[in-house]
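The next block holds one structure in the form of structure tokens; read it before the comments.
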Amino acid sequence: MCGIVGYTGHREAYPIVITGLKRLEYRGYDSTGVALLNNGLKVYKKKGRVADLEEAIIGKDLHAHIGIGHTRWATHGEPSDRNAHPHQSKSGKLAMIHNGIIENYAQIKKELVNNGYTFTSDTDTEVLLNFIEDIKENNECNLEEAVRVALKRVTGAYCILLIDEDDPETIIAARKGSPLVIGVGKGEHFLGSDASPMLEYTKEVVYVNDYELAIVKPDELILKNLGNEKIHRLLPS
């Protein structure tokens with residue numbers, strides 16, 4: 001069980017994400033981290049509690065209007081800085097957080113190693129992230145499509161949030177067996193593994209179902225299934 005938070009909109013993302021992580025710290029406290037996107041991707045992560053991360057990044061550039069954050073309860077790999085989320089892809093352009101367990105990660109990792117990938121952590125999350133990037137690059141598709149293709153190959157449970165340096169307003173999210181809530185505001189969206197990080201900003205929330213993909217922009221929320229069909233659910237206006 002881990003805590004996830006995301007934000008895209010007109011506000012500063014870091015205060016929203018870090019406050020949300022404090023509220024979700026009951027879901028995991030062995031390490032924590034944030035990824036912020038503003039003129040490049042910045043990832044800050046630290047073994048320990050949210051307060052340890054806050055202290056470690058005093059003076060860093062935290063300005064951004066999009067960000068994701070994670071508080072971890074270790075499954076793959078010991079608690080450490082390098083195993084903390086978010087993870088960055090091989091290119092450095094993608095960052096991802098993940099709640100759940102990818103059961104067939106070892107098989108996928110072997111394929112990627114044979115393709116020349118190296119890994120900096122012991123996590124199944126880094127494997128899934130680079131699998132997504134490998135699909136994106138080899139098929140010349142966008143991140144949304146790469147996520148959809150990858151998730152058809154994996155077994156296990158997941159809730160994932162990704163941001164892409166080449167698409168600086170969008171969070172791609174998906175879930176199976178691990179909760180995901182999206183809060184709807186005016187020109188902004190909030191994401192979390194429960195609603196507690198967003199309730200001070202909005203009471204309008206959408207619960208994402210298993211095998212659903214969310215494309216989340218400040219002014220737009222699209223839900224799709226893994227077959228790329230839009231889900232026509234009544235969303236808050």
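The values are calculated or read from the model by the stated rules, or taken from the named source; none is laboratory data. Computed from a predicted model, the values in this text were never measured in an experiment. Cβ atoms come from the backbone with ideal geometry, glycine included; neighbour counts cover every protein chain shown.
Things worth noting here:
- Among residues of the range 1-20 being farther than 15 Å from His98 by Cβ and aliphatic (A, V, I, L, M), the one that is nearest to the chain's Cα centre (by Cα) is Val17.
- Residue check, Leu36 in a strand (DSSP E or B) and farther than 18 Å from Leu180 by Cβ: yes
- Answer residue from the range 76-129, given it is polar (S, T, N, Q) and closer than 16 Å to Leu41 by Cα and is surrounded by the fewest Cβ atoms within 10 Å (Cβ to Cβ) among those: Ser91
- Residue count, the range 21-33 (criterion: in a helix (DSSP H, G or I), more than 15 Å from the chain's Cα centre (by Cα) and touching a residue at least 40 places away in the same chain (Cβ under 8 Å)): 3
- Qualifying positions in the range 159-197 - out of contact with any His (no Cβ under 8 Å at 6 or more places or on another chain), surrounded by 20 or more Cβ atoms within 10 Å (Cβ to Cβ), at pLDDT 95 or above and outside any strand (DSSP E or B): Leu180
- Failed criterion for Val43 (all others in (1) free of Cβ contacts under 8 Å to residues at least 60 places away in the same chain; (2) crowded, with 20+ Cβ neighbours inside 10 Å; (3) touching a Pro at 6+ places or on another chain (Cβ under 7 Å) hold): (2)
- One residue stands out in the range 198-223 among those that are touching a residue at least 60 places away in the same chain (Cβ under 8 Å) and not in a loop (DSSP other than H, G, I, E, B): the one that is farthest from Glu12 (Cα to Cα), namely Leu213.
- The range 206-237 - residue that is among the β-branched types (Val, Ile, Thr) and under 18 Å from the mean Cα position of the chain (by Cα) and, of those, surrounded by the most Cβ atoms within 10 Å (Cβ to Cβ): Val216
- Every test in (1) modelled with pLDDT of 95 or more; (2) part of a helix (DSSP H, G or I) is passed by Thr125 save one, and that test is (1).
- Just one of the listed residues (Gly67, Gly100, Gly92) is of a type in the set (Gly, Ala, Ser), over 24 Å from Gly192 (Cβ atoms) and in contact (Cβ under 8 Å) with a residue 24 or more places away in the chain, namely Gly92.
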